[in-house]
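Please read the structure below before turning to the comments.
The values are calculated or read from the model by the stated rules, or taken from the named source; none is laboratory data. None of the values given here were measured: they were computed from a predicted structure. FYI the Cβ positions are ideal-geometry reconstructions off the backbone, even for glycines, and counts take in every protein chain you see. Please note that ligands, DNA and RNA were not included when accessible areas were found on the heavy atoms of the full protein model with its side chains. Shrake-Rupley method; radii C 1.70, N 1.55, O 1.52, S 1.80 Å.
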Amino acid sequence: MKREVPVFICMVMGLVMIVQFFVPHPVSQAIYQTILKWLIIVVTFAMVLGILSLARLHLTKLRRGDKDWFYSLVAISSLFVTLLTGFFNFKITDSFIIEGWKVPFSFFTISFASGLAAGTPFMNLFEYIQVPMQATMFSLLAFFIASASFRTFRARTPEATLLLVAAVIVMVGRVPVGHMISSAIPALSDWILVNPNMAAKRGILIGVGLGGISMALKIILGIERSWLGGGGE
Amino acid sequence: MKNKWLLLLIGIGMAIVVGFLSKFTFYSTGEGENMVMHNWLGLTAAAILTLGIFTFLYKDNPFYKFAEHLLVGSSAGYTLVIYFHNFVRPNLIDAVVNGFKKVGEMQSAGTYNFVDSILKNGGIWAIVPGIMGFLILFRLSRKLGWLSRYSIGFYMGTAMGIAIPVAFQASIIEQVRGTILQTATTTPTPVFNLDFFAALIANPSWSAFVLAVSGPLVIIGIFCTLIYFFFSKEHTGVVGVFSKVGIWFLMLGFGASFGATVMARISLLIGRMDFLINDWIKGVILPLFGG
Amino acid sequence: MKEILRGFLKIDRRWIFLFVLLGVLIPLATGKGLHHSYPGNEVKLVYNFIENLQPGDIVMLSMDYDPATIPELDPMSRALLRHCFNKGVRVMALTLHPAGAGICIAVIDELLAEYSQPGINPDGSERPARQYGQDIVFMGYKPGTDAVMLGMGEDVRLLFPQDYAGTEIPPYHGDPKETSLPMMCDVKNYNDVKCVITISGTRMPEYWVAYAYQRYHVKIATGVTAVMFADYYPYLQTGQMIGLIPGMKGAADYEELINHPDRGMVGMLPQSIIHLLIVAFIILGNIAFFIVRREDKQEGKKGGKKK
Amino acid sequence: MRFRPPVLSWSLGVMIVFILVLSPILTTAQAPPPPETTVVETTPPTTPPEPPKAPEPPTKFTAVDNPNDDGMKALLTWELSPQDNPMLEKKENPVKGYRILRKGPEDTEWMTVTVQPAGITSYVDSRDLLNSLPYSYRIVALGEQEAESTALEVDSVITKPQVFNTGRLNTLICILLFGAIVLSYIYRARKGHELFVRRIAGLDAVDEAIGRATEMGRPILYISGLHSIEDISTVAAVTILGRVARKTAEYETPLLVPNYDALVMLVEQETVKQAYMEAGHPDAYSNDMVFYLTSSQFGYVAAVDGIMLREKPAANFYMGYYYAEALILAETGAQTGAIQIAGTDSVTQLPFFITSCDYTIIGEELYAASAYLSKEPLQIGSLKAQDVAKLIIGVFMLAGIIASIFGWLGIANLFIAK
């Protein structure tokens, strides 16, 4: 009841979806579309648990009052504000004017509607808080790619040498300086990018495909049950 | 010392929250047609937080911690809200409500029959994922936590069932074809193309040579890489040699894609610097101080 | 000596970070760029194609990218638009990326402002002022990638009854005087455009080739990010794309070809600096590494205390 | 190789038999059978007496139900008008295109479905067709100024949905065959045959890393990628986490598992709890070990970086699927001096793990890992099956390449994904 039923559900659904793939009939297409929607709904409910786990993590820190309690407070309050502005639509009214002096305050009405329209506080929070910070995290790669290549591109072994030679050629070949030195460098870098690179990718992909499929088969057939928790048993 | 930091950061936080709720945050440039509204507070907050993330490169510090926790909290909430509004609301709440409405109408119209009202009624079916979702919430209880496995099983099975055929097509069938034929072309040509060799013999040149050998080389690379991923045999003897060549191809490929990525990554940094210099300093700070 | 080398091998990465930061910041702050970017052939192909068009010809520009790839792809759009405006080639712009509309509007507005007055081209020829509706029309965003591409092979009006601002698209061969979008009187489908230029940070170019090229044989030129560039090389070899603009370097190349240096060229200086910086660090690192290792080996032979 | 001959030859045999059966079916799947409908040549009443510029009509116009779909689509094919020469420029070509018209059972007059450019010989009509209704189709070649040729007509085409997509037969065969191989090897493994698996470098380091963390009394950080549980690489990551958790339970080393995906968190909580129970330390487990951060790529990275800098884990594991954040994680980890073991099937990120991690488990090795660690016959068996499949694929690729050199693409055409 606790293990067999889930495994059985898993098997049935798996087989259904495999069969569905080969059936172009409208009914099967409809099933496919519906199921996809269902999956997302299940995920969303799981996400609620995730949020709770995040909140609990920081609330305990707050209660314990450990040295980073303030940042936990930040996390909790930003989470709360986002949810609030997201589920309740704060509609900003124009700020009123007294004798030509623009009062810098404004009323806002609250309604339970999607706060997703552009210019709402929710979207502002997204646009001016999340987007820039995520973009900045992303741009840290410029620094790390530099430090990584210095730290690790050492010709210790023939393999490592190949790695770093290929990297250096391509790096130089991608900037004008490469052309200044010799037009052969860009040509070579393109060639490496297109040929050996593609061969390697293809080899990996075939292997990955097989490994993944056999894993998936084992799950559907109830041989691999690690997703239930615990090992193979 | 610590408290000063806290006060400063709390100040910034309050400013941001208040700022987003008031029109005060906007100032305009230009007139009529091409008047542009700038959210100076928004841009300033963005800039400050951008700097906050950058300070992480030097070492962990309150500034970064603040930005980090702000980002984690808000982004977590954001995803939930988006998922709710885009998926749960239309596909669960609205669907179920409409489903029951439909049944009600049929009853009031006297045309009620089980098949049409339940089986053919998509809205009613939308209850199923609702139930699945609620089963997951049982994880909160110690005793009934195992109920959540039902929905996870449902999810796993479906996902795996969808994955298997797709994986076969994408990473086996297409790859095999791609190894035999140059599939990007409108009329596929063999990867091992004798015409190229003919051209090479006709008028020997470096480029012709490269063109001719590239195809066979790729094929060798693919086979050797596959042999590297062979688990039934220790990498010794012939297998060892081939898998060695396979590793060389892997390394060449990895090195190349590493090198090719550098430019894109630096472009990102340029983008951020561009934001700080042009959008913020030149766009907000200088105008604010009449610059 | 060896200690210095060891120190260099274990250098605090924050020094590298500092170098990278300065390498980007200084050129940007001073706004200085390289003078030459030595255009690659794949870019020249695109340039020559546009260069050989007649004034009044129409090209379709599909800007299929989102904010994340603006630094790399925006310069391409600008350079291409400038080239078209200089030549008097008319542009039908659109986007198939949900987040693309805002970006396109920004770029087009900026370029139109820049070309709002008659002026002299870099090559010395006179050009009139360029204006919306006359020399460029932005159709906006339309979901449904392949459907849109196929549909435009029959009639763009099927998919874009209005432009992004809601202005009615005039009928094919309609009277140019009766509409604010006279340019669209000459566009029915791919037969009326010389080529489609897609600028994308996603897999969009593949779709363009699969649908627009293979069915309607319209020429396709592509601008992609430096990461994806390699994937599209085969298309170039097989002639399914008339040209390819790879990453920021490609944008800089194009800016040089139309000799109007802009952000791409400005970006090239930091790019070159940091690429060379990294390469230099790698080479120095290896030299130091080998010296240290050799001395260690010798010590090993002598005293044998090192393992 | 220590394959028992029967299995290998058996599976190869089956494959070849399948192919023999398959090739004719597939070829028919490519080109649908010619219709029973009759091709009648008529002069449409609507068109005036032919203007001189009108080109000759196309030939052999057929219209049938489009195969392998959910119905509501008709497949129209024709052969070019004799004057239509695709080699010519658009200007010179006397044929400008082909107009296709349709008449439904209720319609009184012909409606234009589409105008296809010159040189095209087929079109799939999906414009609001209804199933199991008779439609009539007409095609005319267009010359200068839309001058129409005489029309070709096909009567009573009826579209209907199919129940099996013959274009995907090859996929089905692959699944059946591979499933058979996997099961047969698992069966052999159950029967207790010794099956050899080569060592995987990165995995031998797992225990070493855990041991080191224990000595230093620092925690272990385990990250299972940015994909949800539906991605198989995530499942592999969860399996490996099971082994790691058992070790940490034995050594009583603190374990940190921050999550990007909530569903994965739920599964991993179960896995880790189970592992601690099996190791005999159920009390040492708490749900705070496996926690959720955020489902935003770089928000997650920011938080994990923070954890690395503050908790100073002695060993970082990156298993599963990754995107651009891979290098940020690995470099920050290296900064804190942790032993780093990565395993991913994300081809684009492998270069960065290879360079900045101590050990990297490449692609399929990630899936082999769970088998390698567990040594369970079931797992090992399936690993063997993958090798057999690789052999078969290799054989087919080789055959296809040789055939293609001599210009025969039959084998390559068996591998078309539809």
Estimated inter-spin distance, B:K59 and B:I285, nm [label 7 Å along Cα→Cβ]: 2.6 nm
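Dipole size in debye (nearest 20) for the range D:86-208 around its Cα centre, Lys and Arg Cβ +1, Asp and Glu Cβ -1? Present the calculation step by step, with values, prior to reporting the outcome.
On the way: 15 positive and 16 negative charges, 143 e Å.
The calculated dipole for the range D:86-208 is roughly 680 debye.
At 1.4 Å probe size, with every protein chain present, just tell me what the per residue accessible area of the range D:201-375 comes to in Å². Display every interim value, and only then the final one.
Numbers: 4230 Å² over 175 residues.
I get 24 Å² per residue for this part.
Taking the Cβ of B:G215 as the center, what net charge do the other residues with Cβ under 15 Å away carry, scoring Lys and Arg +1 and Asp and Glu -1?
Values: positive: A:R202, B:R177; negative: B:D195.
Net local charge, B:G215 excluded: +1.
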For the range A:153-226, the percent of all C-alpha pairs falling in each 5 Å bin, from 0 up to the bin holding the max distance, is 3, 14, 14, 14, 14, 10, 8, 8, 7, 4, 3, 1, 0
Please give, to one decimal in nm, the separation of the simple spin-label points placed at C:I105 and A:R156, each 7 Å out from Cα toward the Cβ. 5.4 nm
Report the calculated FRET efficiency for B:W206 and D:A399 (r = Cβ-Cβ distance, R0 = 30 Å), to the nearest 0.05. 0.40
P(r) of the range B:174-291 over all Cα-Cα pairs, 5 Å bins starting at 0, rounded to whole percent, reads 2, 9, 10, 11, 12, 12, 10, 7, 5, 5, 5, 5, 4, 2, 1, 0
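Explain nothing, just the number: dipole magnitude of the range A:1-86 about its Cα centre with +1 on each Lys and Arg Cβ and -1 on each Asp and Glu Cβ, in debye rounded to the nearest 20. It would help to have the intermediate numbers written out before the result.
Values: 8 positive and 3 negative charges, 65 e Å.
Roughly 320 debye for the range A:1-86.
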Starting from the Cα gyration tensor of the range A:1-86, multiply each eigenvalue by 5, take the square root, and state the resulting semi-axes largest first in whole Å. 42, 18, 8
Tell me the GluC sites (Glu not before Pro) within the range D:158-257 that lie in a loop according to DSSP and have at most 16 other beta-carbon atoms within 10 Å. D:E194, D:E252
Pick from C:P122, C:P171, C:P98: which is most flexible by mean-square fluctuation in a GNM of chain C where alpha carbon atoms under 10 Å apart are linked? C:P122
List every residue whose amide H lies under 5 Å from the amide H of C:G119, counting only residues 5 or more places away in sequence or on a different chain, with H placed 1.01 Å from N in the peptide plane. C:R127
For the protein assembly as shown, convex hull of alpha carbons as volume per residue, Å³: 230 Å³
Give A:K218/D:K375; C:K188/D:K73; B:K59/C:K10 a once-over and call out the pairs whose C-alpha atoms are over 20 Å from each other. C:K188/D:K73
What is the local net charge at C:E72, summed over the other residues whose Cβ is closer than 11 Å to its Cβ (Lys, Arg +1; Asp, Glu -1)? +2
List the residues of the range C:83-112 whose backbone N lies under 16 Å from a point placed 7 Å from the Cα of C:A165 along the Cα-to-Cβ direction. C:91-94, C:102, C:104-112
Around C:T198, under 15 Å between beta carbons, what's the net of Lys plus Arg minus Asp minus Glu among the other residues? -4
Specify whether the C-alpha gyration tensor of the range D:201-375 places it in the rounded, prolate or oblate class, a ≥ b ≥ c being the square roots of the eigenvalues: rounded for a/c under 1.5, otherwise prolate if a/b is larger than b/c and oblate if not. rounded
Size descriptor, Kirkwood hydrodynamic radius, that averages inverse alpha-carbon separations across chain C, Å: 21.6 Å
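Can you tell me the FRET efficiency between B:K244 and A:R64 if r is taken as the Cβ-Cβ distance and R0 is 60 Å, rounded to the nearest 0.05? Before the final figure, lay out each step's value.
On the way: r = 55 Å, r/R0 = 0.91.
My answer for the efficiency is 0.65.
Could you give the dipole magnitude of the protein assembly as shown about its Cα centre, charging the beta-carbon of Lys and Arg +1 and that of Asp and Glu -1, in debye to the nearest 20?
On the way: 100 positive and 101 negative charges, 1051 e Å.
Using only the charged Cβ atoms, the result is roughly 5040 debye.
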Within the protein assembly as shown, helix-based [θ] at 222 nm, where runs of 4 or more DSSP H residues each add -39,500 (n - 2.57), nearest 500: -17500 deg cm²/dmol
Return the loop-located trypsin sites (Lys or Arg not before Pro) in the range D:170-228 (DSSP other than H, G, I, E, B) with at most 14 other Cβ atoms within 10 Å of their own Cβ; answer none if there are none. D:K191, D:R199
The protein assembly as shown - percent of accessible surface contributed by carbon and sulfur, probe 1.4 Å: 65 percent
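Explain nothing, just the number: relative contact order of the range B:102-250, from Cα pairs under 8 Å at least 6 residues apart, as a whole percent.
Details: 98 pairs, mean separation 14.8, N = 149.
Computed value for the range B:102-250: 10 percent relative contact order.
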Given Cα pairs under 8 Å that are at least 6 residues apart, what percent is the relative contact order of chain D? 15 percent
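What value in Å³ per residue do you get for the convex hull of the alpha-carbon atoms in the range D:278-391?
Details: hull volume 16.0 nm³, N = 114.
Looking at the range D:278-391, the number lands at 140 Å³ per residue.
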With point charges of +1 on the Cβ of Lys and Arg and -1 on the Cβ of Asp and Glu, referenced to the Cα centre of the range C:164-206, which listed residue (C:S180, C:T167, C:T202) lies farthest in the positive direction of the dipole? C:T202
Hey, rough spin-label estimate for D:Q162 and C:D155, points 7 angstrom out along Cα→Cβ, what's it come to in nanometres? 3.3 nm
